[in-house]
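The values are calculated or read from the model by the stated rules, or taken from the named source; none is laboratory data. Note that this is a predicted model, so its numbers are computed, not measured. Note that we place each Cβ from the backbone using ideal geometry, even for glycine, and neighbour counts take in every protein chain shown. Accessible surface is based on the protein model in full, side chains and every heavy atom, while ligands, DNA and RNA are left aside. Shrake-Rupley method; radii C 1.70, N 1.55, O 1.52, S 1.80 Å.
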Amino acid sequence: GVGNGKLQFFNLSMDGKSLKMTMERELKNLNHSITSLSFSPCGDYLATGDLGRYVGLYRWYHVDERPTKPIEWIYIGRYRAHLKAIVSVSFLPANWGKAKGKLGVLH
């Protein structure tokens, strides 16, 4: 992320002897600087933690959930229930305790 809450994805490629980096996509749904991010074990979900103490969630899926549409990171939403800054977000294993949600947050 960058200091304005945007999450930017880049493609890296070799162009002769130099490394070329081009911006692929920018997610603008968050308002605070991102301090942590985590991909789910299956790779279909992305969680972010930010300075505003929000946890954001994205899903790698078809736009409008229509298989004929392109696949991209779809914003699911965000949740704020933390009193301290979020240091880390991570996905928990499916068999971990009695956790309702499978996303862990460290602050």
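Taking region 64-79 on its own, how many of its residues are under 18 Å from the mean Cα position of the chain (by Cα) and open to solvent by 70 Å² or more (accessible area, probe 1.4 Å)?
Residues meeting the conditions: 5.
Here is a check on your reading of the model: is Leu83 modelled with pLDDT under 90, among the aliphatic types (A, V, I, L, M) and over 20 Å from Gln8 (Cα atoms)?
yes
Could you look through region 9-40, keep only residues that are at pLDDT 85 or above and of a type outside the set (Ser, Thr, Tyr), and pick out the one that is surrounded by the fewest Cβ atoms within 10 Å (Cβ to Cβ)?
For region 9-40, the residue satisfying everything is Phe39.
Looking at the structure I just gave you, is Tyr58 open to solvent by 40 Å² or more (accessible area, probe 1.4 Å) and either within 11 Å of the chain's Cα centre (by Cα) or at pLDDT 85 or above (or both)?
No: the conditions fail for Tyr58.
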